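The values are calculated or read from the model by the stated rules, or taken from the named source; none is laboratory data. Since this is a predicted model, take the numbers as computed values, not measurements. Counting neighbours? That spans all protein chains shown, and the Cβs are built from the backbone with ideal geometry, glycine included.
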Amino acid sequence: MRAMAVEQPAVIATHPLRAVELPDPLPGPGELLLRVHACGVCRTDLQIAEGDVPPRRLPIVPGHQVVGVVEALGPGVEGWSPGERAGVGWFGGSCGHCEFCRSGRENLCADATFTGWDRDGGYAEMATVRADAALRLPAAFGDLDAAPLLCGGVIGYRALKVSGIQPGGRLGLYGFGASASLAIQVATHWGCDVYVCTRSEAEQRRARDLGATWAGGYDALPPAPLHAAVTFAPAGDVVVAALRALERGGTVAINAIHLDRVPEFPYEALWWERSIRSVANFTHRDATEFLDLAARIPIRTAHEELPLADANRALERLRAGDVRGAFVLVP
């Protein structure tokens with residue numbers, strides 16, 4: 001099969017993803033073999049390619065927003081059949097028996113594995129996935145529309161839950177890429193007033209088009225104190241900006257696997273029971289809840305289709321901010 005693999009992390013301008021021919025994978029016990037129809041491009045893919053998020057193994061095939069059709073079942077698989085459509089997200093599986101798994105928090109399992117980081121992902125013609133981690137996709141979404149939901153959508157939904165925002169509350173979104181553009185649709189569906197901070201004037205306009213009450217730059221203070229905020233930009237300065245905008249008792253949820261640093265800030269910004277929480281991965285329940293909700297709203301996704309061979313170019317453009325919505329690679 002054809003695939004794009006990271007053999008050694010390097011700056012994306014040097015094109016660290018290489019076109020390779022790999023043997024067709026075989027599904028192991030409890031796994032599905034998928035023929036990939038589409039794979040969304042995520043900033044985490046860029047961070048793995050450049051080494052900001054050190055790869056767990058090399059070479060590695062990135063990609064964790066995978067839409068495909070089941071080609072074959074591994075031993076012991078029940079509940080899936082060849083020909084069914086399935087989705088694959090960042091969460092690749094967990095041990096199933098630790099205290100976190102037993103309490104429905106498998107996203108915190110120390111032995112969890114992740115697609116495109118521990119195991120080969122969807123920048124390829126075929127991929128395997130643990131059957132218990134595979135996702136059933138609403139028929140309402142075509143392959144290209146479904147792919148961006150499987151990371152940016154699901155993790156954005158979990159970030160909203162972690163932030164504690166309540167229906168009708170005042171929510172801040174800091175950064176307005178693919179994930180935030182999906183999260184705002186959930187928040188406005190819940191009746192929230194959404195305040196967006198992003199340096200891009202084009203993204204500010206898009207935020208207003210999607211229902212934002214207000215949009216401004218990172219250095220601007222929203223016109224009302226926020227009950228909760230979610231930061232999407234991988235910059236610690238943005239976390240502090242969100243914290244300063246909080247109402248008493250509010251929470252900033254950091255939706256990032258990698259953050260450059262959190263600068264020193266005065267304790268007064270945290271006082272009055274404000275809090276900062278990280279968002280780590282997602283659970284299978286998060287994914288199924290979100291996909292059901294996405295179909296009911298219905299959420300609109302924006303994407304640009306690119307051939308698999310253009311994976312490096314997609315990541316270059318992502319780094320440059322030259323994307324509206326999400327890139328989707330098609331083998």
* Within segment 84-95, is even one residue in the same structural domain as Leu26 (by TED's automatic domain parsing), of a type in the set (Val, Ile, Thr) and in contact with a Pro (Cβ under 8 Å, 6 or more places away or on another chain)? -> no
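Just checking, which of Arg274, Arg317, Arg324 is farther than 23 Å from Val69 by Cα, in the same structural domain as Thr44 (by TED's automatic domain parsing) and surrounded by 16 or more Cβ atoms within 10 Å (Cβ to Cβ)? Lay out the reasoning, then the answer.
Numbers: Arg274 fails: in the same structural domain as Thr44 (by TED's automatic domain parsing); Arg324 fails: surrounded by 16 or more Cβ atoms within 10 Å (Cβ to Cβ).
None of the other options fit; the residue is Arg317.
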* Structure fact -> Listed by range, strands (runs of 3 or more DSSP E) wholly within segment 243-331 having at least 1 residues that are in contact (Cβ under 8 Å) with a residue 12 or more places away in the chain and hydroxyl-bearing (Ser, Thr, Tyr) are 246-254, 275-278
* Asked: Gly51 fails exactly one of the following numbered conditions: (1) within 22 Å of Thr288 (Cα to Cα); (2) surrounded by fewer than 18 Cβ atoms within 10 Å (Cβ to Cβ). What is the number of that condition?
  -> (1)
* To do: Could you grab me the full set of residues in segment 72-104 that are under 25 Å from Gly40 (Cα atoms) and touching a residue at least 60 places away in the same chain (Cβ under 8 Å)?
  => Gly87, Val88, Gly89, Trp90, Phe91
* Asked: If you go through segment 174-199, how many residues are out of contact with any Phe, Trp or Tyr (no Cβ under 7 Å at 6 or more places or on another chain), over 24 Å from Leu259 (Cα atoms) and assigned to a helix (DSSP H, G or I)?
  -> 4
* Asked: Any idea which of (1) over 24 Å from Val328 (Cβ atoms); (2) in contact with a helix residue (DSSP H, G or I) (Cβ under 9 Å, 6 or more places away or on another chain); (3) aliphatic (A, V, I, L, M) is the one Leu73 doesn't satisfy?
  -> (2)
* Asked: Only one of (1) over 21 Å from Pro298 (Cα atoms); (2) within 15 Å of the chain's Cα centre (by Cα); (3) not assigned by TED's automatic domain parsing to the domain that holds Ile60 fails for Arg170. Which number is that?
  -> (2)
* Test result for Ala187, within 19 Å of the chain's Cα centre (by Cα), under 16 Å from Gly164 (Cα atoms) and touching a residue at least 24 places away in the same chain (Cβ under 8 Å) -> yes
* Structure fact -> Among (1) more than 28 Å from Pro266 (Cβ to Cβ); (2) in contact with a helix residue (DSSP H, G or I) (Cβ under 7 Å, 6 or more places away or on another chain), Ala228 falls short only on (1)
* From the list Pro62, Pro23, Pro27, which residue is more than 18 Å from the chain's Cα centre (by Cα) and crowded, with 19+ Cβ neighbours inside 10 Å? -> Pro27
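Yes or no, residue by residue, for (1) small (Gly, Ala, Ser); (2) in contact with a Ser or Thr (Cβ under 9 Å, 6 or more places away or on another chain); (3) surrounded by 15 or more Cβ atoms within 10 Å (Cβ to Cβ):
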position	(1), (2), (3)
Val194	no, yes, yes
Ala207	yes, yes, yes
Ala215	yes, yes, yes
Asp219	no, no, no
Val238	no, yes, yes
Ala242	yes, yes, yes
* To do: Check Ala202 against each of (1) of a type in the set (A, V, I, L, M); (2) assigned to a loop (DSSP other than H, G, I, E, B); (3) at pLDDT below 95 and name the one condition it does not meet.
  => (2)
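Going by what's in this entry, would Arg85 be described as within 23 Å of Arg324 (Cβ to Cβ) and surrounded by 14 or more Cβ atoms within 10 Å (Cβ to Cβ)?
No, not satisfied.
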* Counting only residues that are buried (at least 19 other Cβ atoms within 10 Å of the Cβ) and of a type in the set (Phe, Trp, Tyr), which one in segment 88-113 is farthest from Ala311 (Cα to Cα)? -> Phe91
